[in-house]
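Chemist: Following this message is one structure expressed as structure tokens.
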Amino acid sequence: VVNINVNGLHSIKNIVPYDYYYAPFCQPEVLVSRHETLGEILSGENQRSSPYYLNMMIDDNCNRLDCRTTLDEQSGSFFEKLIENEYRAHMVIDNLAAFKNATAVFQGRCS
């Protein structure tokens, strides 16, 4: 199993980064932060654990998390603001960018 970390919400239209879990995303049971340098902290880089993982050497796809989130009006408005300002979630595997563009998710392959 390879764990995937999350590294904030960033936009090309807005310079203000958000912590990934500032939005109401599903969180792991134990949330671990990982800072390597002061520069990462000052630039908004904040790698944290996530409930996402990859199974290696197993033909498996489209697994769902055991988490459901219900959005209230305030949370829905916040997500709408993130979308309008083109924020993207950044995910990291072993300090390498793993996922930056949410528009490619599944593309209808999961039911």
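Chemist: Select the strands (runs of 3 or more DSSP E) contained entirely in the range 1-107, then report the ones holding at least 1 residues which are at pLDDT 85 or above.
Modeler: Here the list reads 5-11, 87-93.
Chemist: Can you tell me which residues in the range 42-70 are more than 16 Å from the chain's Cα centre (by Cα), of a type in the set (A, V, I, L, M) and within 20 Å of Pro28 (Cβ to Cβ)?
Modeler: Met56
Chemist: Here is a further query. If you scan the range 4-23, which residues turn out to be touching a residue at least 60 places away in the same chain (Cβ under 8 Å) and open to solvent by 50 Å² or more (accessible area, probe 1.4 Å)? Full working, then the answer.
Modeler: The initial filter retains those residues of the range 4-23 that are touching a residue at least 60 places away in the same chain (Cβ under 8 Å), namely 4-14, 18, 20.
Correct list: Ile12, Lys13.
Chemist: Return the total of residues in the range 74-91 being in contact with a Leu (Cβ under 9 Å, 6 or more places away or on another chain), open to solvent by 40 Å² or more (accessible area, probe 1.4 Å) and of a type in the set (A, V, I, L, M, F, W, C).
Modeler: Selection size over the range 74-91: 1.
The values are calculated or read from the model by the stated rules, or taken from the named source; none is laboratory data. Note that this is a predicted model, so its numbers are computed, not measured. Backbone-built Cβ (ideal geometry, glycine too); neighbour counts: all protein chains shown. These area figures cover heavy atoms from the full protein model, side chains too; ligands, DNA and RNA do not enter into them. Shrake-Rupley method; radii C 1.70, N 1.55, O 1.52, S 1.80 Å.
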